[in-house]
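What follows draws every value from the coordinates through simple rules; no lab data is involved. Since the structure is predicted, the reported quantities are computational estimates derived from the model, not experimental observations. Cβ sites come from the backbone with ideal geometry, for glycine too, and all protein chains shown count toward neighbours.
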Amino acid sequence: MYIVMLGAPGAGKGTQAATLSKELNLAHIASGDLFRKALEEKTELGLLAQKYMEEGKLVPDEVTIKMILERISQPDCASGCLFDGFPRTLEQAEALDRALADQGKSIDKAVYINVADEELVKRLSGRWICRNCQTPYHMVNSPPKTPGKCDTCGGELYQRPDDTEETVRKRLKVFYSQTMPILDYYKNQHKLAEVNGNLGIEEVGKETITALKARS
């Protein structure tokens, strides 16, 4: 089974993908992690992607797709995987379908975790991260025991520039302009399942499993 997890920044798709991958015994493929690993290991595709990023350009879909295909050709993806953070655009969704079709595979489900804008702003603008171990905190929902310090390693907590309220609202605008066509794309293929992401993490997880089973 090949599943695409869709949702705005802060919707919790990464959290749900991590839980689902264990529950369904599927590999969790986060595009951000792939890029970071490729850059660290200085792979051919990683260096190519770095070249575009250093020039302030978007990494071409062709490079991203190759990186994704390279990953899903590994043994742990033989029975399927969960895509998290990819595809981000309609062009990427179409390219992914073509690439999978070449291997006799296809996307089975696309799960959209739908969260109200104000809730997303609240979640993201309250998010702080440890500089050392990258553990995330939320000043309202899960604050650290000691203000400004990580409970795990004692490292300094900081807020990423893209987590300020103004930037969050800009990110949401970009997300909607890019992602709405993807929702229509999968809806037209009868593969889209929408989940209420305003609920708690466990409730969203249960709804997601129910939605996947209902469309099996």
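Under the Karplus relation 6.51 cos²θ - 1.76 cosθ + 1.60, θ = phi - 60°, what is the ordered set of whole-Hz ³J(HN,Hα) values for region 204-209, x standing for Gly and Pro?
4, x, 5, 4, 5, 4
I want to verify a result. In a Gaussian network model of the chain, Cα cutoff 10 Å, which of these has the top mean-square fluctuation: Leu90, Leu26, Leu48?
Result: Leu48 has the largest fluctuation of those listed.
How large is ³J(HN,Hα), in whole Hz, for each residue of region 57-74 in order, when computed from phi with the Karplus curve 6.51 cos²θ - 1.76 cosθ + 1.60 and θ = phi - 60°, using x for Gly and Pro?
So the J values, rounded to whole Hz, are 9, 6, 5, x, 3, 4, 5, 4, 4, 4, 5, 5, 5, 4, 5, 6, 7, 6.
Would you mind counting up the charge near Leu26? Only other residues with Cβ under 12 Å from its Cβ, with Lys and Arg at +1 and Asp and Glu at -1.
Once positives and negatives cancel, what remains is -2.
Can you give the percent of C-alpha pairs in region 148-216 whose distance is more than 14 Å?
Of all Cα-Cα pairs in region 148-216, 75 percent lie more than 14 Å apart.
Tell me the Kirkwood hydrodynamic radius of region 1-123 in angstroms, computed as one over the mean inverse distance between distinct C-alpha pairs.
15.2
Run the paramagnetic zone check for Met139: 7 angstrom along Cα to Cβ, then residues of region 158-179 with backbone nitrogen under 19 Å.
Flagged as within label range: 158-171.
For Rg and Dmax of the Cα atoms in Å, pick the label among (i) 17.7, 53; (ii) 16.5, 50; (iii) 17.2, 57 that corresponds to the value derived from the coordinates.
(i)
Across region 13-29, in residue order, what do the Karplus-derived ³J(HN,Hα) couplings come to in whole Hz, using 6.51 cos²θ - 1.76 cosθ + 1.60 with θ = phi - 60° and x for Gly and Pro?
Once rounded to whole Hz, the list reads 5, x, 4, 5, 5, 5, 5, 4, 4, 6, 5, 9, 6, 10, 5, 9, 10.
Rounded to the nearest Å, what's the spacing between the alpha carbon centres of region 1-75 and region 181-216? Just the number, please.
21
Distance check, please: which entries in Lys22/Lys51; Lys22/Lys173; Lys122/Lys173; Lys122/Lys149 exceed 25 angstrom between their Cα atoms?
Over 25 Å apart, Cα to Cα: Lys22/Lys51; Lys22/Lys173.
Taking amide hydrogens as modeled 1.01 Å from N in the peptide plane, which residues meet the under 5 Å criterion relative to Cys81, leaving out close sequence neighbours?
It is Tyr2, Ile3, by chain and number.
Set the Förster distance to 25 Å, then compute FRET efficiency between Arg131 and Ala18 from the Cβ-Cβ distance, nearest 0.05.
So, using R0 = 25 Å, E works out to roughly 0.65.
Just tell me which aspartates and glutamates come within less than 20 Å, Cα to Cα, of Lys42; anything on the same chain fewer than 8 places away is out.
Cα-Cα hits under 20 Å: Asp33, Glu54, Glu55, Asp61, Glu62, Glu70.
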